[in-house]
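> What follows is a structure written as structure tokens; I'll ask about it next.
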Amino acid sequence: MSKHVNVLEMARQQLAVAAFHLDLDEGLHAVLARPKTQMVVNFPVVLDNGQVQCFEGFRVQHNASRGPTKGGIRFHHDVDLDETTALAMWMTWKCAVVNIPYGGAKGSVRINTKKYSKRELEKVTRRFTSEISSMVGERSDIPAPDIGTNAQVMAWVMDTYSMIRGYTTPGVVTGKPIALGGSEGRNEATGRGVIVAAHEATKRVGLDFANSTVVVQGFGNVGSVAAMLAEEAGAKVIGISDARGAIFNPNGLPIKELYHRYSGRDGGIQEYKDCDRITNAELLALDCDILIPSAIAAQITGENAHAVKAKLIVEGANGPTTPEADQILDDRGILAVPDILANAGGVVVSYFEWVQDLQNFFWEEGEVNNKLERIMRNAYKAVEATMDEHKVGMRTAAHIIGVKRVADATITRGIFP
Ligand code: GLU
């Protein structure tokens, strides 16, 4: 992440714009601009070589007016309390935009996962879970995967929490392996939702998705699935990147092959031969129809937004576009489907997983995908309608819906005591 961009400031600016359009009460605005609870933990782990290392982690609950708080746990070397708070705030609006009964939260541990063995990552996960166990719970705060974490990490979270409680508690975390109460379709859900949003948005900008050219930044859980589904739908994915760099072929890249043959290798997709190697800056500036940033925050900024040639941006990542860039894209007539709408598919299927866990009754993949697609489409349409009604950009429209639902819930519940 570009550290010169303060993502919490970014999140607060976006909230302020929505608050202005909603004529939100000042006191309520102040409440929503701050997290409800923040926890900072420093904890030791014995590494494989016997040495003790201290790790820093965070769990932030932003708002719980609409239900238990929900949000991923991120393992990344560059996390901090402010960024985790911004991500928690975005989770609050995201859950409200797609109208699922959650507030927002986020957790993170400052760690470069590549430097540690599986056993060490398990210990970090278990100790972190135990440190934040007073906050999480199937009725209070439900973590999920995010950057640097996956279904295996969620299994360790579930097991650790269950050991503390004394009984198996699958509903405490989502994004688990299917065998442990995970949901069919959860792994692909964020990428699938991104493509549903992209499909809807192409209609607004006059593109035909099946005949479009697509560039995807990031080849993690979101980027890889979005790219594969775009390819499956007939679109041509001409550029893609992973943590090592980007590749480009104007005739299209074989995404499924890249995923199955190259993504697990040390050299990653860079080992694929039939393409040009390009920089991240060049990737974002490629001439294409749809750009899907699916890596980290603050990638499209005041500095490079002028260079973007895509007609449509669909945000797979959280916070990839800064407010300065938003303004430039808006002025240039480039539509950006915002993160809190575009990448909400993950938390929507997390919600399905949680419901299935609480009921001990599991659904088939087709049912999950159909319900996900319906929710995404309806949320997209509501955001578009708000955009037209308030004559605002799509990010502001999504925030108007999210913030209004949270504000209404807070006012209707009343302030305790
Ligand atoms: N980490 C994902 C996100 O940012 C998923 C959160 C969840 O499923 O709770 O939306």
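The values are calculated or read from the model by the stated rules, or taken from the named source; none is laboratory data. None of these values were measured; they are calculated from a predicted model. We place every Cβ from the backbone using ideal geometry, glycine too, and count neighbours over all the protein chains shown. Note: accessible area is taken over every heavy atom of the protein model, side chains too, but ligands, DNA and RNA are not part of it. Shrake-Rupley method; radii C 1.70, N 1.55, O 1.52, S 1.80 Å.
> Please indicate, with yes or no, whether at least one residue in the stretch 87-98 is among the charged types (D, E, K, R) and closer than 20 Å to H29 by Cα.
Step one: of the stretch 87-98, the residues among the charged types (D, E, K, R) are 94.
Pick out the ones that are also closer than 20 Å to H29 by Cα and you get 94.
Checked against the condition, which is being among the charged types (D, E, K, R) and closer than 20 Å to H29 by Cα, the stretch 87-98 yields at least one hit.
> Could I ask something else about it? Restricting to the stretch 391-417, name every residue that is open to solvent by 60 Å² or more (accessible area, probe 1.4 Å), outside any loop (DSSP other than H, G, I, E, B) and either aliphatic (A, V, I, L, M) or touching a helix residue (DSSP H, G or I) at 6+ places or on another chain (Cβ under 9 Å) (or both). Walk me through how you get there before you give the answer.
First, pick out the residues of the stretch 391-417 that are open to solvent by 60 Å² or more (accessible area, probe 1.4 Å): 391, 404-405, 408, 411-413, 415-417.
Applying the additional criterion that residues be outside any loop (DSSP other than H, G, I, E, B) yields 404-405, 408, 411-413.
Across the stretch 391-417, the qualifying residues are K404, R405, I411.
> Further, regarding this structure: Whether any residue in the stretch 275-290 is under 21 Å from V383 (Cβ atoms) and either modelled with pLDDT of 95 or more or of a type outside the set (A, V, I, L, M, F, W, C) (or both) is what I want to check.
Pass one, the stretch 275-290, residues under 21 Å from V383 (Cβ atoms): 289-290.
Filter once more, so that each one left must be either modelled with pLDDT of 95 or more or of a type outside the set (A, V, I, L, M, F, W, C) (or both): 289-290.
Looking for residues that are under 21 Å from V383 (Cβ atoms) and either modelled with pLDDT of 95 or more or of a type outside the set (A, V, I, L, M, F, W, C) (or both), one finds at least one in the stretch 275-290, hence yes.
> Right, next: Select the strands (runs of 3 or more DSSP E) contained entirely in the stretch 1-105, then report the ones holding at least 3 residues which are open to solvent by less than 50 Å² (accessible area, probe 1.4 Å) and either under 21 Å from I401 (Cβ atoms) or charged (D, E, K, R) (or both). First the steps, then the outcome.
Numbers: elements: 37-46, 52-63, 73-76.
Strands (runs of 3 or more DSSP E) meeting the threshold: 52-63.
> I would also like to ask the following. For the stretch 126-244, list the helices (runs of 4 or more DSSP H) that sit wholly inside it and hold at least 2 residues that are basic (K, R); which are they?
On the way: elements: 151-165, 186-205, 221-232.
Counting at least 2 such residues, we get 186-205.
> Now a separate question. Within the stretch 80-90, can one find any residue that is among the hydrophobic types (A, V, I, L, M, F, W, C), modelled with pLDDT of 95 or more, more than 13 Å from the ligand (Cβ to nearest atom) and under 19 Å from R126 (Cβ atoms)?
No; the residues of the stretch 80-90 include none that is among the hydrophobic types (A, V, I, L, M, F, W, C), modelled with pLDDT of 95 or more, more than 13 Å from the ligand (Cβ to nearest atom) and under 19 Å from R126 (Cβ atoms).
> Hey, does the stretch 319-334 have a residue that's part of a strand (DSSP E or B) and within 28 Å of G206 (Cβ to Cβ)?
Looking only at the stretch 319-334, we keep the residues that are part of a strand (DSSP E or B), and these are 321.
Among the residues that remain, those that are also within 28 Å of G206 (Cβ to Cβ) are: 321.
Yes, the stretch 319-334 contains at least one residue that is part of a strand (DSSP E or B) and within 28 Å of G206 (Cβ to Cβ).
> Assuming W156 fulfils every condition listed in (1) open to solvent by 10 Å² or more (accessible area, probe 1.4 Å); (2) among the aromatic types (F, W, Y); (3) closer than 24 Å to N63 by Cα apart from one, which condition is it?
Of the numbered conditions (1) open to solvent by 10 Å² or more (accessible area, probe 1.4 Å); (2) among the aromatic types (F, W, Y); (3) closer than 24 Å to N63 by Cα, the odd one out for W156 is (3).
> For the stretch 302-348, name all the residues that are more than 18 Å from the chain's Cα centre (by Cα), open to solvent by less than 10 Å² (accessible area, probe 1.4 Å) and of a type in the set (V, I, T).
Matches in the stretch 302-348: V308 only.
> I'd like to know if the stretch 292-301 contains one or more residues that are under 14 Å from M394 (Cα atoms), touching a Pro at 6+ places or on another chain (Cβ under 7 Å) and buried (at least 20 other Cβ atoms within 10 Å of the Cβ). So that I can check it myself, show each step before the final result.
From the stretch 292-301, those under 14 Å from M394 (Cα atoms) are none; that's our starting set.
Checked against the condition, which is being under 14 Å from M394 (Cα atoms), touching a Pro at 6+ places or on another chain (Cβ under 7 Å) and buried (at least 20 other Cβ atoms within 10 Å of the Cβ), the stretch 292-301 yields no hits at all.
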